[in-house]
1. Could you check the simple spin-label distance between Lys14 and Glu34, using points 7 Å along Cα→Cβ, in nm with one decimal?
2. Assigning unit charges at the beta carbon (Lys, Arg +1; Asp, Glu -1) and nothing else, what dipole magnitude in debye, to the nearest 20, does segment 2-50 show about its Cα centre?
3. When percent of Cα pairs over 18 Å apart is calculated directly from the model, which label among (1) 40; (2) 55; (3) 31 fits?
4. Please give me, ordered by residue number, the GluC sites (Glu not before Pro) of segment 6-43 that lie in loop per DSSP and have at most 16 other Cβ atoms within 10 Å.
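Since every read-out is calculated from the coordinates, none of them should be taken as a lab result. Remember, predicted model here, so these are calculated numbers, not experimental data. Cβ: placed from backbone, ideal geometry, glycine included. Neighbour counts: every protein chain shown.
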Amino acid sequence: MGDFIVTRAKELLKQRYYKPIKDHPKLFVEIELEYPVVNLSVNATDVSLSK
């Protein structure tokens, strides 16, 4: 189920942000997507991963 949610989320992001740029290249703008770094084993996150 988790993989389905991630795959679906990626599809929705592509449709919302990438497809309009691809269809209309003059609309090109820079977008920055930020994702949180989370340790799924509930330990402290290794800061070196985010550098």
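1. 2.6
2. Details: 7 positive and 7 negative charges, 72 e Å.
Dipole size: approximately 340 debye.
3. Here percent of Cα pairs over 18 Å apart agrees with entry (2).
4. Glu30, Glu32, Glu34
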